[in-house]
Each structure stands twice: as C-alpha cells, then as structure tokens.
Amino acid sequence: MPEDSIEHIDFDKLRQQAISQPLVDHIYTADPSAHVFNGKIYIYPSHDIESNVPFDDLGSHFAMQDYHVISMDSPEAAAVDHGVALDVTDVPWAEKQMWAPDAAEKDGRYYLFFPAKAPDGIFRIGVATSQSPTGPFKAEPEAIRNSFSIDPAVFCDDDGKYYMYFGGIWGGQLQRWRKGSFNAAGEGPLAHLPSAGEPALCAKIARLTDDLLQFDEQPRDVVIIDESGNPLLAGDTDRRFFEASWMHRHNGLYYFSWSTGDTHFICYGTGDNPYGPFTYRGRILEPVVGWTSHHSICKYADKWYLFYHDSSLSEGVTHLRSVKLTELQHLDNGEIRTIQPYIK
Ligand code: FUB
C-alpha cells in the first residue's frame, strides 16, 4: 500500500482486520523465506532496524546489519527467535544493507544466501554455512562469483539440483546489469530501465554447483509471458517482475512468484520446468500496509502457507515490517486463491 495513503489509516482497526498477526513483535522482521527442515518450520527473514537513513527510491533506508532465524514447531506454534545468526561485520566482502535472505539444506549442512552491498556500493550475493539451521553461520570470504543484485531464493528440485532465482529492479540494481557488467552511469532508480513498450526486465536463475557455493552456469532470464505467449512489458507494472522471487512446485507444476514492487502485488506464473517461461496466472496477495511486499510459500504437513510481511505493527513505517503467515490454497485448475490481507 503506497505510503501517501497511510495517514488515513486507523491502525487499531487495521490490526483487528488483519487476517494474521506478526509472528514476533520484539524485533521487526521482513522478507520471510520459510522452509521445513527435519519437520520444523524455519524462517529466514531480514531484520529491520531504525537506521535514521532518509527514505529514498533506492531503499537506502533499508540499512539492515544482521540476520536472525525464527523457528516454529508448527504453523500454530509460538515463533522462537534464535538470535543473531550472521552479522555484516563477520562478512569479509560486505559493508551494509543485508537485504532479503534465503536458506537451503544439503546433506545435513545449512546454507544462508544473502545480498549485501560491498564497499563499492554494488549489491552481490553471498553464502554462509552452518551445521545448524539456526546458525551461527560462517560467511565465505568472497561473494558468489558473477553474482549481482538482490533477493536470492534457492529451490531444490525433485532431482536434487539446486537453483538460485534472484534480482530486483530500482534499488536492487538489476537494470544496471543489462549489458553484463555494472553500469554506474546515470542517477536514481529509473536509469537504465527499459521503456514502457519494451519487454520487462526479468529475474535471473542459475543452477548452483554441488557444494552450493557458486553458480554452475551463467545466469539466465526468468521470462514471464502473457496468455498469448508474449513477454510481459515494462509498462505492465501491475504484473511485471520487480523483486522477491520465489519458486515452489505443486502437482508437477512449477510456480514462480514475485513482487510487482511499486504496484505492491504478489503475483505468480506457472511453467513446466525450473527455468520457465512462466505464464502469468494471477495475484497471490493484494497490497499490504507498507511500500514493499515480499513472501515465500512453503508446505507443512499437507497444507501450503504464505509467509509475508506488513508494516501494521510499526503503523506504516516502510522499513519496519513484521513477518506473518496464512494458509494458501491451490485450486483444482492450478490457480492460487488470491489472499486479501485485511478483512473489510
Ligand atoms: O528488505 C529490503 C528489500 O525490500 C528486499 O530485498 C526487497 O525484496 C524488499 O522487500
């Protein structure tokens, strides 16, 4: 929900109308990436803080410095904060802005994937590992080779191959990589974006190496097509990719989902393989309070859940968000029922 409409909100009423409440309220958390490891839910969120960095369209006010891991014995159970799992000062290559992370498990080892800005001001994606899903995680000395932009989401397919989806436009810098290297020319979030009639920028996908520490191939575009098979256009801001990639698989279909950023929707498309293309199918989540919307989708027992965030606890402060969860339903025709985060 855009920030300019926040002043009209009655937050007491809104919190009552919300379909779910923050999982924790002693810290602010956002961008939840949820997984079930050993029968338990683990959530890897951003840890929002008040940094006093002024608001801008590059997201400089999202100045997060560490990650906490949250666990739950079940979707109904209390959420447990396991404390600091990784701090930016323990990441040799990173300087600031620890944005949306994700995690994966392989052979009993846990991997935390995270974006951060290096001292040159460029976002890269790093990996840190641990013997425990709650950390502490030890960062690799360098970021993943050829990594760029933000919002890693790692998906393990049924054949045991792991893929990273990533990218985000505006403050996430994806538009500055259109020619294969970082283009520092031009100021602001809109420099180097395609014009409205051109194909929208795509999220990226790369298969990971067996040790999950590097890309095993050049990142490729995750193309989202419309019902006629044409790539979504940059001007189609209600549907085009902005940030917050996620992948889940249900009934043999691959569901790629993302945030539309400045129009505040979580949308999805389906395909028949991890690379896509993905045909646009609809919205998963209508706008929440706060500028950003970011989610993950995870199955626990025989039900699916949407993990998301809003800024209702902070009364609309864009960079102080709270992680929530709600049940998600797949319909028989493969669609996902759209979720209204607040009941009128
Ligand atoms: O939390 C910082 C950024 O805000 C994330 O990386 C984006 O997806 C948006 O939620």
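For the reader, a short list of remarks on this structure follows.
- Inter-centroid distance (Cα atoms) of segment 49-114 relative to segment 198-262, Å: 22 Å
- Where a label projected 7 Å from the Cα of GLN65 along Cα→Cβ would reach, residues of segment 81-106 with amide N under 19 Å: 82-101
- The residues TYR110, TYR162, when put in order of fewest to most other Cβ atoms within 10 Å, stand as TYR162, TYR110.
- Computed label-point distance, nm, for sites GLU142 and ASP332 using a 7 Å Cα→Cβ extension: 5.5 nm
- Over the chain: helical MRE at 222 nm, DSSP H runs n ≥ 4 each giving -39500 (n - 2.57), nearest 500: -500 deg cm²/dmol
- Binned Cα-Cα distance frequencies in segment 196-344 - 5 Å width, integer %: 2, 9, 17, 21, 19, 16, 11, 4, 1, 0
- Highest-MSF residue in the chain out of ASP210, ASP221, ASP151 [GNM, Cα springs under 10 Å]: ASP210
- 26 Å Cα-Cα threshold exceeded, pairs from LYS161/LYS204; LYS138/LYS299; LYS40/LYS138; LYS40/LYS106: LYS138/LYS299
- When you count the other C-beta atoms within 10 angstrom of each residue and take the mean per peptide, 288-297, 183-192 line up highest first as 288-297, 183-192.
- Nearest-0.05 FRET efficiency for ARG220 and LEU190, computed from C-beta distance (R0 30 Å): 0.75
- Distance between modelled label sites at LYS40 and VAL80, nm, 7 Å Cα→Cβ extension: 0.5 nm
- If R0 is 35 Å, the Cβ-Cβ spacing of HIS8 and TRP304 corresponds to a FRET efficiency of close to 0.55.
- Restricting the calculation to alpha carbons of the chain gives Rg and Dmax of 18.4, 51 angstrom.
- Simple Cβ-charge dipole of segment 215-254, Lys/Arg +1 and Asp/Glu -1, about Cα centre, in debye nearest 20: 100 debye
- Relative contact order of the chain: 17 percent, from C-alpha pairs under 8 Å at least 6 residues apart in sequence.
- Mean separation of Cα contacts under 8 Å (6+ apart) over length of segment 1-117, as relative contact order %: 20 percent
- The charge dipole of segment 267-312, taken about its Cα centre with unit charges on the Cβ atoms of Lys, Arg (+1), Asp and Glu (-1) only, comes to about 60 debye.
- The chain: antiparallel DSSP beta bridges as a percent of all, rounded to 5: 95 percent
- The convex hull defined by the C-alpha atoms of segment 78-225 has an orientation-averaged projected area of 10.6 nm².
- Between VAL317, VAL53, VAL69, the GNM of the chain built on Cα springs shorter than 10 angstrom shows VAL53 fluctuating the most.
- If R0 is taken as 25 Å, the Cβ-Cβ distance between ASP211 and ASP90 corresponds to a FRET efficiency of 0.75.
- For ILE339, the residues 5 or more places off, or on other chains, whose built amide H falls under 5 Å of its own are LEU285, GLU286.
- Neighbour counts of C-beta atoms inside 10 Å place PHE242, PHE37 in the sequence PHE37, PHE242, starting with the fewest.
- For segment 122-223, trypsin sites (Lys or Arg not before Pro) meeting the loop criterion (DSSP other than H, G, I, E, B) and having at most 14 other Cβ atoms within 10 Å: ARG145, LYS161, ARG178, LYS179.
- Neighbour-count ranking [beta-carbon atoms within 10 angstrom, fewest first] of MET64, MET72: MET72, MET64
- Percent of Cα pairs exceeding the 18 Å cut-off, where the set is segment 34-140: 48 percent
- Residue among ASP226, ASP158, ASP216 with the largest mean-square fluctuation in a Gaussian network model of the chain, springs linking Cα atoms under 10 Å: ASP158
- Evaluated with a Cβ-only charge set (Lys, Arg +1; Asp, Glu -1), segment 15-105 carries a dipole of roughly 200 debye about its Cα centre, given to the nearest 20.
Each reported figure results from applying straightforward, stated rules to the coordinates on display, with no laboratory input. Because the structure is predicted, anything quoted here is derived from the model rather than measured. When we count neighbours, we look across all protein chains shown, and the Cβ atoms used for this are built from the backbone with ideal geometry, even at glycine.
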